[in-house]
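Participant: A single structure is presented below for examination.
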Amino acid sequence: MTTQAEVLAAVGQAGILISLLALAHAPLGGYMARVYSSQRDWRIESAWYRAARVDAHTDQRWRTYAMQVLGFSLVSVLVLYGLGRLQAYLPWNLGFTGLDPAGAWNTAVSFTTNTNWQWYSGEAAAGHLLQMIGFAVQNFVSAAVGLAVAVALIRGFARSGTDGRIGNFWSDLTRGVVRILLPLSVLAAVVLVAQGVIQNLDPHSTIATLQGGTQAALGGPVASQEAIKELGTNGGGFFNANSAHPYENPTHLTNLFEIFLLLLIPSALPRTFGIMVGDRRQGWAILGAMATLWLGALALTTWAEMSGPGTAPQLAGVAMEGKETRFGTAASALFAVSTTATSTGAVNSMHDSFTAPGGAVLMVDMLLGEVAPGGVGAGLYGMLVIAILAVFVAGLMVGRTPEYLGKKIGQGEMTLVAMYVLTAPAIVLTGAALAVSVAPGLAGIQEDGPHGLSEVLYAFASAGNNNGSAFAGLATGTGFYNTALGVAMLLGRFVPILIVLALAGRLASQRTVPTSAGTLPTHRPLFVGLVAAVAVIVVGLTFLPVLSLGPLAEALS
């Protein structure tokens, strides 16, 4: 049974994490606001614009901005697909062949969409060059795309009557990589190397085991990829075991540091939002809603794993199946909640082995739209869409014209919000229904009953919300799942982005209206609670039936 010391340790590590994030919140949030508001380019940025022959200074309308997001991402998919297919001809391929067409498609879409779903084992399928110039590069630029879209939406709120102009995609993309992600990643990689994460170009080598045998172990540029994998809320592991592998995450200290990295930028972006719209209280309100959902999920998951509901955990005294003994249940729960509440998808334990209620919470984290605090950029713009919905609901209840940050929320805005809210359920439920209805989908399910449905639902929830983690019991390395999940990732990334950019354009075109006695205060605790409640209720009404057939039925059985 769980002891008082274990409970105190769980609370203590969460407290340390929150304290570190609090210390970084204002400096990093303010810095990012200055990055995206500055009128000056760095020399390296100017050189890149000239080399790429892009116009980084024209203030773009939302349609132009959206077309450049799509064009850049299409090129990224094609380049990564080509690298995967041609891996056999690349240097440092470690003898691996090229990926098959369906696998290369899935992988290219996965890393371009910031999902990093992996149907393969990294140490058995990807050489060092593919990891570095393929996967690691996309870890940077896919995260920067999310940042750019979030900043475009912030400008939509901050600007007034600009004919739908929301900034310049190339400038936002480049500054996100050069001024934010690269410097932080270098610092993070140095810390990880100092704590024992490997960084080399070694091929497989033979090492002696504690039992006196031998084992082939792969080296590689792990620390550099681990840093941006967490910082950019990407999640794709160099090794199949991901952050449960000692080469990626050797100690309690690196475990806490990696959780800190994946929460760092998403938790600081509300500060950026508050500064750029001219009211820091609005940033605090958005952060409060995010923190409420994250803390609730952490409490429920930690309780579920430490109390160990179920016959086997009760007999063993703790739910340790699928968890690293060097981390234990509390650290595994903290990592799992943080990785599913963001779009990271990295794991230091196997989510398929979590208790039924614990696994259900992780699934709901993703089904919420990963807004607590969400992925880099994506979490903020997702929560802002929910905030608009909350303002609209409040306006209906009290008979006021909905307004948010001086912008009227009319029919056009609510149409876009409704489309955004319905996108993820359409992708997730359609994909899961298809998978359990056709023979290739059923062939991948290894568990009967509710848990088998949970595995399929988790896979499409992860793909459709660009998370990348999995209930690993589902065999997804097939043509059917590689293709279906690839489509889910593509739609789950770019349909919401297009909607958000269209919303940003409409907001930027409006004239800001002054605050009046009838304006709903959106910076007070009541609004924070309303936003969190709307997020949970929307998910509850949409996904409760299928959750009842999957993880909830398993928990009650």
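Participant: Which count do you get for residues in segment 54-90 that are out of contact with any Asp or Glu (no Cβ under 9 Å at 6 or more places or on another chain) and assigned to a loop (DSSP other than H, G, I, E, B)?
Facilitator: Number satisfying all stated conditions: 7.
Participant: Which members of segment 126-135 meet the condition of being open to solvent by less than 20 Å² (accessible area, probe 1.4 Å) and part of a helix (DSSP H, G or I)?
Facilitator: As a first pass, look at segment 126-135 and keep what is open to solvent by less than 20 Å² (accessible area, probe 1.4 Å): 126-128, 130-131, 134-135.
If the condition is that a residue be open to solvent by less than 20 Å² (accessible area, probe 1.4 Å) and part of a helix (DSSP H, G or I), then HIS128, LEU130, GLN131, GLY134, PHE135 are the ones that fit.
Participant: Taking only segment 34-53 into account, find how many residues are within 26 Å of GLY161 (Cβ to Cβ), assigned to a helix (DSSP H, G or I) and not aliphatic (A, V, I, L, M).
Facilitator: Here the count works out to 3.
Participant: If you don't mind, another one. Filter segment 91-107 down to residues that are without any contact (Cβ under 8 Å) to a residue 60 or more places away in the chain and part of a helix (DSSP H, G or I) and give me whichever is farthest from ARG493 (Cα to Cα).
Facilitator: PRO101
Participant: Test ARG63 against the criterion of being over 30 Å from GLY505 (Cβ atoms) and at pLDDT 95 or above, and give yes or no.
Facilitator: Working: over 30 Å from GLY505 (Cβ atoms): no; at pLDDT 95 or above: yes.
Judged against the criteria, ARG63 is not a match.
Participant: Still on this model: Which is under 30 Å from PHE257 (Cβ atoms) and open to solvent by less than 30 Å² (accessible area, probe 1.4 Å), of SER121, SER110, SER38? Quick ask: steps written out before the conclusion?
Facilitator: On the way: SER121 fails: open to solvent by less than 30 Å² (accessible area, probe 1.4 Å); SER38 fails: open to solvent by less than 30 Å² (accessible area, probe 1.4 Å).
None of the other options fit; the residue is SER110.
Participant: Separate question: If you go through segment 247-257 one residue at a time, how many are more than 21 Å from LEU20 (Cβ to Cβ) and either without any contact (Cβ under 8 Å) to a residue 24 or more places away in the chain or open to solvent by less than 10 Å² (accessible area, probe 1.4 Å) (or both)? Explain how you work it out, then say what you get.
Facilitator: Of all residues in segment 247-257, those more than 21 Å from LEU20 (Cβ to Cβ) come to 247.
Right, trim to either without any contact (Cβ under 8 Å) to a residue 24 or more places away in the chain or open to solvent by less than 10 Å² (accessible area, probe 1.4 Å) (or both) and you get none.
So the count comes out to 0.
Participant: On to the next question. Could you list, in sequence order, the residues of segment 345-383 that are closer than 17 Å to PHE494 by Cα and in a loop (DSSP other than H, G, I, E, B)?
Facilitator: Once the filter is applied, which keeps residues that are closer than 17 Å to PHE494 by Cα and in a loop (DSSP other than H, G, I, E, B), segment 345-383 yields GLY369, GLU370, VAL371, GLY374, GLY375, VAL376, GLY377.
Participant: Say whether the condition of being assigned to a helix (DSSP H, G or I) and modelled with pLDDT of 95 or more is met by at least one residue in segment 198-206. Please lay out each step first, then the result.
Facilitator: Residues of segment 198-206 assigned to a helix (DSSP H, G or I): none.
No, the conditions are met nowhere in segment 198-206.
Participant: Name the single residue, out of those in segment 194-226 being polar (S, T, N, Q) and under 27 Å from the mean Cα position of the chain (by Cα), that is most open to solvent (accessible area, probe 1.4 Å).
Facilitator: Of the residues in segment 194-226, the ones polar (S, T, N, Q) are 195, 199-200, 205-206, 209, 211, 214-215, 224-225.
Of the ones still in play, those that are also under 27 Å from the mean Cα position of the chain (by Cα) are 195, 199, 224-225.
Details: GLN195: 73, GLN199: 91, SER224: 49, GLN225: 7 Å².
Restricting to residues being polar (S, T, N, Q) and under 27 Å from the mean Cα position of the chain (by Cα), the top hit is GLN199.
Participant: While we're looking at this one, here's another question. Take THR329 and decide whether it is open to solvent by less than 20 Å² (accessible area, probe 1.4 Å), under 16 Å from the mean Cα position of the chain (by Cα), modelled with pLDDT under 95 and among the β-branched types (Val, Ile, Thr). It would help to see each step written out before you state the result.
Facilitator: Working: open to solvent by less than 20 Å² (accessible area, probe 1.4 Å): yes; under 16 Å from the mean Cα position of the chain (by Cα): no; modelled with pLDDT under 95: yes; among the β-branched types (Val, Ile, Thr): yes.
It is false that THR329 is open to solvent by less than 20 Å² (accessible area, probe 1.4 Å), under 16 Å from the mean Cα position of the chain (by Cα), modelled with pLDDT under 95 and among the β-branched types (Val, Ile, Thr).
Participant: Moving to a separate point now. Within segment 407-526, which helices (runs of 4 or more DSSP H) (wholly inside it) include 1 or more residues that are free of Cβ contacts under 8 Å to residues at least 40 places away in the same chain, within 19 Å of HIS351 (Cβ to Cβ) and open to solvent by 50 Å² or more (accessible area, probe 1.4 Å)? Outline the logic, then answer.
Facilitator: Working: elements: 411-435, 439-443, 449-464, 479-509.
Per the criteria, no element qualifies.
The values are calculated or read from the model by the stated rules, or taken from the named source; none is laboratory data. Since we're looking at a predicted model, the values are computed, not measured. Glycine gets a Cβ as well: all are built from the backbone with ideal geometry, and neighbour counts include every protein chain shown. When the accessible area is computed, the model is the full protein with side chains, heavy atoms only, and any ligands, DNA or RNA have been set aside. Shrake-Rupley method; radii C 1.70, N 1.55, O 1.52, S 1.80 Å.
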